[in-house]
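Undergrad: Mind having a look at this structure? Questions to follow.
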Amino acid sequence: MKTDIILAGVGGQGILSIAATLGMAALADNLNIKQAETHGMSQRGGAVVSHMRISDKKIASDLIPLGKADIILSVEPMESLRYLPFLSETGYLVTNITSFINIPNYPDPEKVMEQIRKLPHYVAIDADQIAKEIGNARASNMVMLGAASPFTDIHFDKIRNGVKAIFEKKGEDVIDLNIRALEAGYEFSLQNK
């Protein structure tokens, strides 16, 4: 079993919470993990990418080679396009459709989505809207994690337990909202992959 995941977005969108949750889930499943992160300008709005490798065997490197990622999980659509060279031929792009327009020359969001729709394997989800409907606009990252879950080799219950572990200090209400967001993303992918 092996899952190589590129996590992409901009600062403040919850990439680190996604990575921490996946890491907890992998460890609970007795899997090996390696992770490398780049934090744009270390501020809200700067590009963020994380390479996460999960396997039942020893992992030699924390960086994913070009063309070998099983999943690109992007909380921002333009950032998903930036990392397409890493995606394998059979890999899935799982992206939020809500643009985070943080630069003056941001491309036309519809043209970004046109490029995404050309891919053979993708899930495009309005994670921001789903999170708002659940009652926690900040949980769009957990919607995204849920949407990517069917493409990992980690049992969904382990990922759900990872959410509980990451948010346990914030109380039951926060845990419940984030689990509802995770489950909504998961259901969306099962219906739209």
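Undergrad: Net charge near Ala60: determine it from the other residues with C-beta under 10 Å of the C-beta of Ala60, scoring Lys and Arg +1 and Asp and Glu -1.
TA: Numbers: positive: Lys34, Arg53, Lys57, Lys58; negative: Asp62.
So the environment of Ala60 carries a net charge of +3.
Undergrad: Distance between Cα centroids, region 86-120 to region 1-23: provide it in whole Å.
TA: Region 86-120 and region 1-23 have Cα centres separated by 17 Å.
Undergrad: Based on the alpha carbons, how large is the Rg to Rh ratio for region 103-193 when Rh follows Kirkwood? Kindly include the intermediate steps, with their values, before the conclusion.
TA: Working: Rg = 14.7 Å, Rh = 14.1 Å.
Rounded to two decimals, Rg/Rh equals 1.04.
Undergrad: Oh, and also: Show me the ranking of peptides 76-85, 172-181 by mean Cβ neighbours inside 10 Å, starting with the highest. Don't skip to the answer; put the middle values down first.
TA: Working: 76-85: 20.6, 172-181: 18.6.
Result, highest mean Cβ count within 10 Å first: 76-85, 172-181.
Undergrad: In deg cm²/dmol and to the nearest 500, what is the mean residue ellipticity at 222 nm of the chain if only DSSP H runs of at least 4 residues count, each as -39500 (n - 2.57), divided by the residue total? Walk me through the intermediate numbers first.
TA: Working: 7 runs with 79 residues, N = 193.
Helix-only estimate at 222 nm: -12500 deg cm²/dmol.
Undergrad: Treating the beta-carbon of each Lys and Arg as +1 and of each Asp and Glu as -1, no other charges, what is the dipole magnitude of region 1-115 about its Cα centre, to the nearest 20 debye?
TA: 360
Undergrad: Grab the other residues whose beta carbon is less than 12 angstrom from that of Ile159, score K and R as +1, D and E as -1, and report the net.
TA: Local charge sum for Ile159: -1.
Undergrad: Right, another one. Can you tell me the dipole magnitude for the chain around its Cα centre, using point charges on the Cβ only (Lys, Arg +1; Asp, Glu -1), in Debye to the nearest 20? Let's see the in-between values first.
TA: On the way: 20 positive and 23 negative charges, 83 e Å.
That gives a dipole near 400 debye.
Undergrad: Here is a further query. Say the dipole of the chain comes from +1 at the beta carbon of Lys and Arg and -1 at that of Asp and Glu; which of Val112, Ala139, Ala165 then lies farthest toward its positive end?
TA: Of the options given, the answer is Ala165.
Undergrad: Sticking with this one: Ordered by packing density, taken as the mean number of other Cβ atoms within 10 Å over each peptide's residues, highest first, how do 50-63, 16-29 rank?
TA: Descending mean neighbour count gives 16-29, 50-63.
Undergrad: For the peptides 132-139, 87-94, 101-108, what is the packing order when you average, over each peptide's residues, the other Cβ atoms within 10 Å and list the highest mean first? Don't skip to the end; give the middle numbers.
TA: Working: 132-139: 17.2, 87-94: 19.9, 101-108: 10.2.
Sorting 132-139, 87-94, 101-108 by mean packing, highest first, produces 87-94, 132-139, 101-108.
Undergrad: Do you know the relative contact order of region 78-193, to the nearest whole percent, from alpha carbon pairs under 8 angstrom that are 6+ apart? Mind dumping the intermediate values first?
TA: Numbers: 134 pairs, mean separation 31.8, N = 116.
Taking the mean separation of contacting Cα pairs over the length of region 78-193, I get 27 percent.
Undergrad: Also, quick follow-up: How many percent of DSSP beta bridges within the chain run antiparallel, rounded to 5? Each step should come with its number before you reach the end.
TA: Details: 17 of 30 bridges.
Percent antiparallel among DSSP bridges in the chain is about 55.
Undergrad: Given the convex hull of the Cα atoms of region 1-130, what is a quarter of its surface area in nm²? It would help to have the intermediate numbers written out before the result.
TA: Working: hull surface 32.4 nm².
One quarter of the hull surface, i.e. the mean projection, equals 8.1 nm².
Undergrad: Still on this model: May I ask which residue of Ser88, Tyr186, Val174 lies farthest towards the positive end of the charge dipole of the chain, with charges of +1 (Lys, Arg) and -1 (Asp, Glu) on Cβ and the Cα centre as origin?
TA: Selected residue: Ser88.
Bear in mind these aren't lab numbers, they're just calculated from the coordinates by the rules spelled out. This one's a predicted model, so the numbers in the text were calculated from it and none came from an experiment. As a convention, Cβ positions derive from the backbone with ideal geometry for all residues, glycine included, and neighbour counts pool all protein chains shown.
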